[in-house]
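First the structure, in the form of structure tokens, and then the observations on it.
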Amino acid sequence: MNFPELTVDFKDTCNMLFIAHMPQILGTAVDLRLFDALAAEPMGTERLARELGTDSDMTLSLLEILREGGYLAERAGDYSLNPVAREFFVSSSPAFQGRVLTAMANMSGLLGNAREIMTQGGPAHDDKLWANEEMMETMLQGGRGGKIQSAAAFIASLPEFSSMRRMCDIAGSFGYFSMGILDRHPEMSAVVCDLPEVAEAAGSYIEKAGYEGRLEARGVDLASGGDFGEGYDLVFVSNYLYEWSLDHRLVDFLKRVRSALTPGGVFVSRHMTLDVRGEDLKSQLIMEYMTRLGGYPTHAISEARLTEALTEAGFCDFTVRKPEDGSYDNTLDIAARVAP
């Protein structure tokens, strides 16, 4: 038998193949309510296995993975939660991300069909998928994990913020970003525009969250030229402009936004970008690949592309927060003012 003379080592790639299973491992721990069990007090393996109704040896293996991953600490055989696990994986936490883990696992299913999709084509994207209750709950949960707080902090830092009174949240589902912004400005009201199916479902969410009277859901078919109103001091979009980004429609859409703003009004976009480095860039490139497999044209817009389109549409005086400056989810935040 002839064995090849190797010129590189396979170890890093092999480790990566195993680490790729971490989302499923975290999902299993969440489903078992392992993090919930450890939330009250540290436990040893045997006691935790009894609490969960699991095999103790398998439980120990799972605990050790979570410890090495930085989610648990171990002392004298007892395991306790580290801050990330307590914040994001305990079901009673306001920032619980269990649904997000499930959604990411479902998205990774695209990769299992990647060859077929790339050679034979896949389904076209359907915006109505965002209208179901489960997806709305998942988006809210993901937003509460840091996206909403990040966007609201950026907008609140703008010098115009204190004088704003009326905002429009375009393609904003049931307005969870609007809620975060309204919390920082008691005198502001908001209109969230999305597909009629989404707007109809949004009413109960808005009422339940306590924003009735300050936040209105309006059904608008934006792709067909639907009107989202005018007289806004702030127009906000999050991860929506990719719908318009592959042709000249982006400038046309931004011109519609400009006409909806008052003199001195501000447009704010938060959008995923590939203008990042290292592990962040790897994550974004994988997200972009999965986005295209799922039938969407792109999920990333560069700063140069967006500022060029904004300038052509009649905006100026940009405030930019790059991902490395503290925005969440590798997001580029841009505020643009109406040009005089």
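The values are calculated or read from the model by the stated rules, or taken from the named source; none is laboratory data. In this text the structure is predicted, and so the values were computed from the model without any measurement. Cβ placement follows ideal geometry from the backbone for every residue including glycine, while neighbour counts extend to all protein chains displayed. Ligands, DNA and RNA are stripped out before the accessible areas are found, and what is left, the full protein with its side chains, is counted by its heavy atoms. Shrake-Rupley method; radii C 1.70, N 1.55, O 1.52, S 1.80 Å.
Against the list (1) assigned to a loop (DSSP other than H, G, I, E, B); (2) open to solvent by less than 90 Å² (accessible area, probe 1.4 Å); (3) within 25 Å of E137 (Cβ to Cβ), the condition S92 fails is (2). When G278, G265 are checked against the criterion of being more than 30 Å from G121 (Cβ to Cβ) and at pLDDT 95 or above, a single residue qualifies: G265.
The residue that is most open to solvent (accessible area, probe 1.4 Å), counting only those in the stretch 8-44 that are in a loop (DSSP other than H, G, I, E, B) and farther than 29 Å from S283 by Cα, is E41. Comparison of E87, E74, E5, E51 shows that the only residue that is outside any helix (DSSP H, G or I) and surrounded by 15 or more Cβ atoms within 10 Å (Cβ to Cβ) is E74.
Inspection of the stretch 231-246 finds no residue satisfying the criterion of being at pLDDT 90 or above, over 23 Å from K147 (Cβ atoms), of a type outside the set (A, V, I, L, M) and open to solvent by 50 Å² or more (accessible area, probe 1.4 Å). If you check S173, S189, S157, S163 for being closer than 25 Å to V320 by Cα, in contact with a strand residue (DSSP E or B) (Cβ under 9 Å, 6 or more places away or on another chain) and crowded, with 21+ Cβ neighbours inside 10 Å, only one passes: S173.
Residues are listed down the side, and each one gets a yes or a no for (1) touching a helix residue (DSSP H, G or I) at 6+ places or on another chain (Cβ under 8 Å); (2) more than 20 Å from M167 (Cα to Cα); (3) part of a loop (DSSP other than H, G, I, E, B); (4) open to solvent by less than 40 Å² (accessible area, probe 1.4 Å):
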position	(1), (2), (3), (4)
R270	yes, no, no, yes
V276	yes, yes, yes, yes
L281	no, yes, no, no
M290	yes, yes, no, yes
A304	no, yes, no, no
T307	no, yes, no, yes
T311	no, yes, no, no
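Just give me the residues in the stretch 251-268 being open to solvent by less than 10 Å² (accessible area, probe 1.4 Å) and touching a Lys or Arg at 6+ places or on another chain (Cβ under 8 Å), in sequence order. Listed by number, the residues that qualify are G265, V266, F267.
Take the conditions (1) touching a strand residue (DSSP E or B) at 6+ places or on another chain (Cβ under 9 Å); (2) closer than 30 Å to A336 by Cβ; M139 misses just one of them, which is (1). Being open to solvent by less than 40 Å² (accessible area, probe 1.4 Å) and either in a loop (DSSP other than H, G, I, E, B) or in contact (Cβ under 8 Å) with a residue 12 or more places away in the chain (or both) is not true of A105. When restricted to residues that are open to solvent by 30 Å² or more (accessible area, probe 1.4 Å) and in a helix (DSSP H, G or I), the stretch 57-71 contains 8. For the stretch 166-176, the count of residues that are over 18 Å from the mean Cα position of the chain (by Cα), under 19 Å from R270 (Cβ atoms) and assigned to a helix (DSSP H, G or I) is zero.
Is there a residue being open to solvent by 30 Å² or more (accessible area, probe 1.4 Å), assigned to a loop (DSSP other than H, G, I, E, B), more than 17 Å from A304 (Cα to Cα) and modelled with pLDDT of 85 or more anywhere in the stretch 215-224? Yes, there is a match, as at least one residue in the stretch 215-224 is open to solvent by 30 Å² or more (accessible area, probe 1.4 Å), assigned to a loop (DSSP other than H, G, I, E, B), more than 17 Å from A304 (Cα to Cα) and modelled with pLDDT of 85 or more. You will find that of E187, E116, the residue that is modelled with pLDDT of 85 or more, of a type in the set (D, E) and assigned to a loop (DSSP other than H, G, I, E, B) is E187 and no other.
Within the stretch 79-113, being out of contact with any helix residue (DSSP H, G or I) (no Cβ under 9 Å at 6 or more places or on another chain) and at pLDDT below 90 holds for N106, G109, G112.
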